[in-house]
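Chemist: Got a structure for you, written out below as structure tokens; questions coming shortly.
The values are calculated or read from the model by the stated rules, or taken from the named source; none is laboratory data. It should be emphasised that the depicted structure is a prediction, and the values quoted were computed from it without experimental measurement. Cβ: placed from backbone, ideal geometry, glycine included. Neighbour counts: every protein chain shown. SASA here: full protein model, heavy atoms, side chains in, ligands and nucleic acids out. Shrake-Rupley method; radii C 1.70, N 1.55, O 1.52, S 1.80 Å.
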Amino acid sequence: MRAEPTLVQWVEINRQAFLHNVREFQKRLGPTGLMAVIKANAYGHGLLEIARLSTEAGIDWFGVHSLEEGLALRQAGFRQKILILGYLPLAQAGEAVGADLRVTVYNLETLRALAAASRKLHRPALVHLKIETGTNRQGIAINKLGSFLSWLKKTPEVKVEGVSSHFANIEDTTDDYYPRYQLDNFLQAVKFLQASGLDVPVKHMSCSAAAILFPETYFNLVRVGIGLYGLWPSRETLVSCRLRGQEPLKLKPVLSWRARVAQIKAVPRGAYIGYGCTYRTTRPTRLAIIPVGYYDGYDRSLSNSAYVLIKGKRAQVRGRVCMDFIMVDITDIPGVKLEDTVTLLGSQGKEKIQADQLASLAGSISYEIVTRINPLIPRLIV
Ligand SMILES: Cc1ncc(COP(=O)(O)O)c(C=O)c1O
């Protein structure tokens with residue numbers, strides 16, 4: 001679909017790029033299953049749009065954060081296996097079981113609520129036990145697994161379909177000490193479950209960086225988020241890949257963010273621009289006013305530092321990012337007209353703005369730059 005002339009701003013999702021990225025991971029993973037992590041509005045790319053493209057790519061596992069995301073997928077008709085990765089409030093257990101959603105579990109209370117829902121609805125509750133291996137986020141401590149097992153043995157209506165964990169320090173370093181420590185802990189937990197007679201069919205702990213770097217963490221399913229959207233987890237992941245002599249995946253960014261010029265104006269030398277008068281022109285200046293601000297996810301820390309693309313050229317943000325507007329300098333870009341297309345993220349002509357670039361200006365990571373693009377902005381598959 002091409003951008004509607006009626007839109008003030010829109011996000012373009014490149015279908016070919018997404019399908020290409022899936023193939024790149026599938027090549028790397030071989031027979032290992034691939035879960036598309038589509039939580040947080042598919043990292044800002046649009047939950048249903050990415051679910052649709054994932055279906056086209058043959059992906060049969062989705063990872064979401066919440067019941068609400070899982071239900072939105074079911075209501076839109078998606079039949080894939082859906083795993084809630086976040087927290088399921090006890091009172092939502094019935095809805096999760098009713099919608100055939102798998103639940104990541106790390107509390108006995110959650111198991112009890114799911115068992116009750118299962119008995120009421122006469123259908124099994126499918127759970128994935130999350131093991132605490134060193135991230136100290138969600139997870140069952142290995143020395144507490146025994147109490148979960150004794151409870152599970154008495155409760156056949158709760159089926160342990162999966163066992164999982166998550167890496168803490170795999171993107172931020174080229175040192176593999178901590179991932180290996182976590183992998184060892186996970187293997188210990190898996191061994192304990194096996195020795196206790198619990199045969200768990202699905203084992204998973206890899207994210208994008210692990211999928212790229214460590215085949216020994218694959219087991220039979222990996223959970224890939226950022227890489228499917230064509231973004232490297234970090235520069236360190238790319239460096240590690242090269243250091244290990246592995247072929248880097250050829251990832252293509254999927255998302256472009258565009259808007260229209262809302263006004264063009266000339267201001268004299270010495271004019272202040274925007275709230276707080278943080279920028280003062282040093283020459284007679286032409287400004288384009290762009291109706292995008294921090295409400296839309298264009299971070300306020302990009303004030304006076306980022307640039308956008310107009311007519312394939314860089315236009316510097318002048319003054320502070322407002323709630324709904326930015327002002328950019330088009331003095332050196334002749335011929336800019338009202339409603340010309342502005343690129344905030346993505347390519348235009350020979351120039352491009354990458355999520356990593358905005359992230360380093362904003363003191364953040366690409367994950368946050370794309371994820372925080374306001375979900376109300378239309379996502380168009382192109
Ligand atoms: C539990 C879990 N699994 C997998 C992922 C995917 O990680 P990535 O986007 O680095 O592939 C995330 C991302 O935050 C996560 O929280």
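Chemist: Cα-based Rg (one decimal) and Dmax (whole number) for region 1-112, in Å?
Modeler: Just the Cα atoms of region 1-112 yield Rg and Dmax of 15.8, 53 Å.
Chemist: Heavy-atom accessible area of Arg28 with all protein chains present, probe 1.4 Å, nearest 10 Å²?
Modeler: Spelled out: Arg28, probe radius 1.4 Å, area about 70 Å².
Chemist: Probe of 1.4 angstrom, ligands and nucleic acids ignored: what's the accessible area per residue over the chain, in square angstrom? Please list the in-between numbers first.
Modeler: Numbers: 16830 Å² over 382 residues.
On a per-residue basis, the chain sits at 44 Å².
Chemist: Given the C-alpha centroids of region 309-354 and region 126-172, what is the distance between them in whole angstrom?
Modeler: Centre-to-centre (Cα) distance: 48 Å.
Chemist: With only alpha-carbon atoms in the gyration tensor, what are the semi-axes of the equivalent ellipsoid for region 54-149, in Å, largest first?
Modeler: Values: eigenvalues 109, 60, 22 Å².
Over the Cα atoms of region 54-149, the semi-axes work out to 23, 17, 11 Å.
Chemist: Cβ under 11 Å from Leu67's Cβ, Leu67 left aside: what net charge do those residues give with Lys, Arg +1 and Asp, Glu -1? List each step's numbers first, then the result.
Modeler: Numbers: positive: Arg74; negative: Glu68, Glu69, Glu95.
Combined, the nearby Lys, Arg, Asp and Glu give -2.
Chemist: Further, regarding this structure: Stokes-Einstein D for region 255-381 at 4 °C, 1.567 mPa s, Kirkwood Rh over Cα pairs, in µm²/s?
Modeler: 89 µm²/s
Chemist: Turning to a different aspect of this structure: For Val267, what accessible surface area do you get with a 1.4 Å probe? Give it in Å², rounded to 10.
Modeler: Rounded to the nearest 10, that gives 30 Å².
Chemist: Let me ask something else about it. Before anything else, pin down the relative contact order of region 32-243: Cα pairs under 8 Å, at least 6 apart, normalised by residue count, whole percent.
Modeler: Values: 367 pairs, mean separation 37.2, N = 212.
Computed over region 32-243, the figure is 18 percent.
Chemist: Quick check: Cα centre of region 220-299 to Cα centre of region 45-76, how many Å?
Modeler: The distance from the Cα centre of region 220-299 to that of region 45-76 comes to 26 Å.
Chemist: On to the next question. Mean separation of Cα pairs under 8 Å and 6+ residues apart, divided by the residue count of region 168-298: what relative contact order is that in percent?
Modeler: 17 percent
Chemist: Cut-off under 19 Å on the C-alpha distance; same-chain residues fewer than 8 positions from Lys265 excluded. Which lysines are left, in chain and number order?
Modeler: Lys311, Lys313, Lys337
Chemist: Taking the Cα centre of the chain as the origin, how large is its charge dipole in debye, to the nearest 20, when only Lys and Arg (+1) and Asp and Glu (-1) carry charge on their Cβ atoms?
Modeler: Details: 48 positive and 33 negative charges, 109 e Å.
Roughly 520 debye, rounded to the nearest 20.
Chemist: Also, I was wondering about something else. Dipole of the chain (Lys/Arg Cβ +1, Asp/Glu Cβ -1, origin at the Cα centre): which of Phe25, Ala259, Ala211 lies farthest to the positive side?
Modeler: Going by the charge dipole, the pick is Ala259.
Chemist: Taking the 0 to 90 degree range and rounding to the nearest ten, how far is the long axis of helix 47-56 tilted relative to the main principal axis of the chain, both from C-alpha atoms?
Modeler: 70 degrees
Chemist: Hey, any idea what % of region 255-381's accessible area is carbon plus sulfur with a 1.4 Å probe?
Modeler: Values: 3130 of 5930 Å².
C and S atoms contribute 53 percent here.
Chemist: Okay, moving on. Heavy atoms only, probe 1.4 Å: what % of the accessible area of region 32-243 goes to carbon and sulfur, would you let me know? Spell out each step's value before the answer.
Modeler: On the way: 4480 of 8450 Å².
Reported share for carbon and sulfur atoms: 53 percent.
Chemist: Kirkwood Rh over Cα pairs of the chain into Stokes-Einstein at 10 °C, 1.306 mPa s: D in µm²/s?
Modeler: Values: Rh = 22.6 Å.
The Stokes-Einstein estimate is 70 µm²/s.
Chemist: Rolling a 1.4 angstrom probe over the protein chains, ignoring ligands and nucleic acids, what is the accessible area of Asp100 in square angstrom, nearest 10?
Modeler: 60 Å²
Chemist: Given Lys130/Lys250; Lys144/Lys191; Lys120/Lys159; Lys120/Lys153; Lys39/Lys81; Lys203/Lys252, which pairs have Cα atoms separated by over 23 Å?
Modeler: Details: Lys130/Lys250 31 Å; Lys144/Lys191 14 Å; Lys120/Lys159 16 Å; Lys120/Lys153 19 Å; Lys39/Lys81 14 Å; Lys203/Lys252 28 Å.
Result: Lys130/Lys250; Lys203/Lys252 exceed 23 Å.
Chemist: Here is a follow-up. Angle, helix 177-195 long axis vs. longest principal axis of the chain, Cα atoms, 0 to 90°, nearest 10?
Modeler: The answer is roughly 30 degrees.
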